[in-house]
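Undergrad: Attaching a single structure in structure tokens format; questions to follow.
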């Protein structure tokens, strides 16, 4: 550990959310690198500024919104100089100067001075009772005024103005909102949604004067009223100016740093002076300034990475979403919804229900969304917006939301606000709404990942992610930090799945340590998330060359059986196309009796599962099954699982083709292959579809004239019918298309990404073009799959039962008899 | 007093892997890190009793195969924000031989 003398000095100007979030992220990455001093002009620790509105409305207290108490600074060896303002940055000597004249040296400087409320230059703006809405001090003054006075005027009908007005109204004041334009929150809302919002606020007693221009604030010592451009006047004892915020960059500008509308920073959050970084509302990045919290968290992460000298991360801007923090009003807006010739709109308007939804599309992608009255799908639209998903295949039902597309999960309940605290949100881990709300408020959580780590909600199957995000938004009352646009593979790296796959090929990386070294993994041996992913990527990229790393396999794939809750395993032999024989059944029965296997169950994939096998018995069980001609069913694998079939033309009076035969043929060709996630096939002999082929990863529906090939279905977490890929005339072509499709998925899918998710991400047309239309490419894909199969099609059970592979795995190291 | 028992060769435990030692008090999982350190823990996750020996080992931690609790090998502590602790046993390597000292409060199976 470096001692104080040799440590570099980091000075942070600004004790707000952006600065401290950066410091927190820096401490995570490099706890001992810097000697840190934080200057903050407010006399508090760091608090959550976005929750000032609920404090004003009396729904929260100041203590509720504290993020870092003074103890936190002490515990982390950070010098907090609160109540001290920096008056100058001396870049020549690398020092900051406090207003008391104290000089403090820095090696790196972080400016996070935030923003100031814009105070209109009106006559009377300096009268008593005229205030902005920015910090705890302002809120205190407003609360005080609400007990002493009656009439408040809020200038500004934007997000902040309406929240201030709502708070003052809750405190018992008569509130008039004055707005220059005729649409409320015109930066977030279109006129229709703005109108709905106005109507519902009026029903609560808020008064609006708009469009109206304020000309003067009246009064001698204290404000008594406001005069407008049309000459009318309105009595007021309190005037809140909430017309906007202005990045606070005076200090930086005086120091000669280049500023426009904010401190101009690069993608690495550096100013024109490389020693000086800036984050938060005071910066201008790629011509954008931000006044919301989510972008500032993204910036903090990038900045911390560089300060920790682990930097290759770059910030490339944020797409933001907004939710009005007025209890009882559901409003969500995200992205760009200004009209344009190249944009299309989908609108749903239901006046009686008070519901309005407008989705703006451009180039088949969502670029903006305004929701009023029913905002449950806000995060879902926002996700697609950030990911740039091609939504053309769900366009018809898009406006009805995730639930209508089978993506709403299985719980069926979708409105978070209406839920009781006991309502279960995460069905996998049994986490109810109350527990999540409690964790968010008590542990000061901001992000989905925080909530996952602390409560386990949404950390298993993920189908409740939308709901958890809603609870976050609902509890934080506003814009929480959404997941970054490009998801890193796991916490051990900032690189995405795509980056990793690309670099493995480009750099010819052939071992897990080589990938980790080259891509500068942050952890020594990765973790349980990235190691299996890397193992798969290497295996899929270098068939026959890469040596499978058993220690990077999840236990099920390492021991070729499925671990159960009591530590025993289940064994599923392959039954090709779901067809078995009396002798196979006899062998299974014998094995079950011989090894006292407690449960024998028929699976959903037309096979038989032997449950409760002790680990040390596995090789012997397999040996007996092998002797009867059976091999591993790979029921545990991210690989080819089952091929479900109906009996088809061989028996069925409706059958049009030999669906069983085709299923067996597909399974015999494809078994043993590893894929990003499990792959299940189905082959139905006629459109009655008894094999339920149209909810499988790949499904074939036979018709009289040939074979319809479908893919990207799901019947688990999500229920989704397949997409039609193409129709062919022969079994040979069917095999070729399905194998080519699977190979493309093997080469491009992200680890654990099911085929339907991959299709969602890449787009159906893209896939069809490369697998169906481009015949040469299809044949090349087919050839690559076939090549890799020669290394994959060895029965892992036989290897272990008869050839001594991994013998150590199944026997104890020692048996001790203790006294 | 520490009572060391020889349990086998280091090479019999895979790097970044684990083997089980059976005792009357329940299984003990013996882990080997990348740098050939060994650690011994009761083979029970403090969460729902999952067999830690079957988990993925990374650095000086293991991830339980049942619900992804991450356990520190040296202390047996679950990595925050998860809570819980697994009983540890002293273990060492000398000349390629692994020694274990079973602490009497050992595993309740």
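Undergrad: Tell me whether segment A:703-726 contains one or more residues that are within 24 Å of residue A:795 (Cα to Cα), assigned by TED's automatic domain parsing to the domain that holds residue A:787 and surrounded by 18 or more Cβ atoms within 10 Å (Cβ to Cβ).
TA: Within segment A:703-726, not a single residue is within 24 Å of residue A:795 (Cα to Cα), assigned by TED's automatic domain parsing to the domain that holds residue A:787 and surrounded by 18 or more Cβ atoms within 10 Å (Cβ to Cβ).
Undergrad: Can you confirm whether residue B:101 is farther than 30 Å from residue A:521 by Cα and within 13 Å of the chain's Cα centre (by Cα)?
TA: So residue B:101 passes the test.
Undergrad: Go through segment A:599-621 and count every residue that is in contact with a helix residue (DSSP H, G or I) (Cβ under 8 Å, 6 or more places away or on another chain) and in a helix (DSSP H, G or I).
TA: Total meeting the criteria: 6.
Undergrad: Then there's this: Looking for something in contact (Cβ under 8 Å) with a residue 40 or more places away in the chain, closer than 30 Å to residue A:495 by Cβ, out of contact with any strand residue (DSSP E or B) (no Cβ under 8 Å at 6 or more places or on another chain) and more than 10 Å from every other protein chain (Cβ to nearest Cβ) - is there at least one such residue anywhere in segment A:526-533?
TA: There is at least one residue in segment A:526-533 that is in contact (Cβ under 8 Å) with a residue 40 or more places away in the chain, closer than 30 Å to residue A:495 by Cβ, out of contact with any strand residue (DSSP E or B) (no Cβ under 8 Å at 6 or more places or on another chain) and more than 10 Å from every other protein chain (Cβ to nearest Cβ).
Undergrad: Next question. Would you check which residues across segment A:60-83 are crowded, with 16+ Cβ neighbours inside 10 Å and more than 14 Å from residue A:9 (Cβ to Cβ) and list them?
TA: Listed by number, the residues that qualify are A:60, A:65, A:66, A:67, A:68, A:72, A:73, A:80, A:82.
Undergrad: In addition: Answer yes or no as to whether residue A:356 is within 16 Å of residue A:386 (Cβ to Cβ), at pLDDT 85 or above and buried (at least 22 other Cβ atoms within 10 Å of the Cβ).
TA: No.
Undergrad: Looking only at segment A:505-524, count every residue that is touching a helix residue (DSSP H, G or I) at 6+ places or on another chain (Cβ under 7 Å) and under 21 Å from residue B:68 (Cβ atoms) and tell me the total.
TA: Going through segment A:505-524 one residue at a time, the tally reaches 1.
Undergrad: So for segment A:194-206 (the condition being under 16 Å from residue A:125 (Cα atoms) and touching a residue at least 12 places away in the same chain (Cβ under 8 Å)), does at least one residue qualify?
TA: No, segment A:194-206 has no match at all.
Undergrad: How many residues does segment A:146-182 hold that are touching a strand residue (DSSP E or B) at 6+ places or on another chain (Cβ under 6 Å), surrounded by fewer than 24 Cβ atoms within 10 Å (Cβ to Cβ) and assigned to a helix (DSSP H, G or I)?
TA: Summing the residues that are touching a strand residue (DSSP E or B) at 6+ places or on another chain (Cβ under 6 Å), surrounded by fewer than 24 Cβ atoms within 10 Å (Cβ to Cβ) and assigned to a helix (DSSP H, G or I) in segment A:146-182 gives 2.
Undergrad: If I ask for residues that are closer than 13 Å to residue A:560 by Cβ, part of a helix (DSSP H, G or I) and within 14 Å of chain B (Cβ to nearest Cβ), which ones from segment A:780-819 would you list?
TA: A:809, A:810 - these are the residues of segment A:780-819 that are closer than 13 Å to residue A:560 by Cβ, part of a helix (DSSP H, G or I) and within 14 Å of chain B (Cβ to nearest Cβ).
Undergrad: Just one of the numbered conditions (1) away from every other protein chain (no Cβ under 14 Å); (2) modelled with pLDDT of 95 or more is not true of residue A:544; which one?
TA: So the condition that residue A:544 fails would be (2).
Undergrad: If I ask for residues that are surrounded by fewer than 22 Cβ atoms within 10 Å (Cβ to Cβ) and touching a helix residue (DSSP H, G or I) at 6+ places or on another chain (Cβ under 7 Å), which ones from segment A:323-334 would you list?
TA: A:329
Undergrad: Within the bounds of segment A:629-642, is there any residue that is away from chain B (no Cβ under 14 Å), closer than 21 Å to residue A:668 by Cβ and assigned to a helix (DSSP H, G or I)?
TA: Scanning segment A:629-642 turns up no residue that is away from chain B (no Cβ under 14 Å), closer than 21 Å to residue A:668 by Cβ and assigned to a helix (DSSP H, G or I).
Undergrad: Further question on the same structure: What are the residues in segment A:509-525 that are under 28 Å from residue A:793 (Cα atoms) and touching a residue at least 40 places away in the same chain (Cβ under 8 Å), if any?
TA: Hit for segment A:509-525 is A:512, nothing else.
Undergrad: Also: Would you confirm whether or not segment B:70-80 contains a residue that is under 30 Å from residue A:430 (Cα atoms) and at the interface with chain A (Cβ under 8 Å from one of its Cβ atoms)?
TA: Yes, that holds for at least one residue.
Undergrad: Return the residues of segment A:302-312 that are in contact with a helix residue (DSSP H, G or I) (Cβ under 7 Å, 6 or more places away or on another chain) and surrounded by fewer than 21 Cβ atoms within 10 Å (Cβ to Cβ); say none if nothing qualifies.
TA: Passing the criteria: A:308, A:310, A:311.
Undergrad: Could you identify the single residue in A:744, A:735 that is under 19 Å from residue A:498 (Cβ atoms) and not assigned by TED's automatic domain parsing to the domain that holds residue A:502?
TA: Selected residue: A:744, the only one of A:744, A:735 that is under 19 Å from residue A:498 (Cβ atoms) and not assigned by TED's automatic domain parsing to the domain that holds residue A:502.
Undergrad: I've got another one for you. Residue A:567 - would you say it is at pLDDT below 95 and farther than 25 Å from residue A:664 by Cβ?
TA: Taking the combined requirement at face value, the residue satisfies it.
Undergrad: So residue B:30 passes all but one of these: (1) facing chain A (nearest Cβ under 7 Å); (2) in contact with a helix residue (DSSP H, G or I) (Cβ under 6 Å, 6 or more places away or on another chain). Which condition number does it fail?
TA: (2)
Undergrad: Taking the residues in segment A:547-584 that are part of a loop (DSSP other than H, G, I, E, B) and more than 14 Å from chain B (Cβ to nearest Cβ) as candidates, determine which candidate is nearest to the chain's Cα centre (by Cα).
TA: By that ranking, first place goes to A:572.
Undergrad: Quick check on segment B:39-69: of everything there that is away from chain A (no Cβ under 11 Å) and touching a helix residue (DSSP H, G or I) at 6+ places or on another chain (Cβ under 9 Å), which residue is farthest from residue B:96 (Cα to Cα)?
TA: Restricting to residues being away from chain A (no Cβ under 11 Å) and touching a helix residue (DSSP H, G or I) at 6+ places or on another chain (Cβ under 9 Å), the top hit is B:42.
Undergrad: Which of the residues belonging to segment A:480-513 are modelled with pLDDT under 80 and buried (at least 21 other Cβ atoms within 10 Å of the Cβ)?
TA: Result: A:480, A:481, A:482.
Undergrad: For segment A:684-718, what are the residues that are in contact with a helix residue (DSSP H, G or I) (Cβ under 7 Å, 6 or more places away or on another chain) and assigned to a strand (DSSP E or B)?
TA: A:684, A:698, A:699, A:700, A:701, A:702, A:707, A:709, A:710, A:711, A:714, A:715, listed by residue number.
Undergrad: Let me ask you something else. Before we move on, is residue B:18 closer than 15 Å to residue A:812 by Cβ, part of a helix (DSSP H, G or I), in contact (Cβ under 8 Å) with a residue 12 or more places away in the chain and facing chain A (nearest Cβ under 10 Å)?
TA: no
The values are calculated or read from the model by the stated rules, or taken from the named source; none is laboratory data. Quantities reported herein were computed from a predicted structural model and do not represent experimental measurements. Cβ coordinates were reconstructed from backbone atoms using ideal geometry, including for glycine residues, and neighbour counts include every protein chain displayed.
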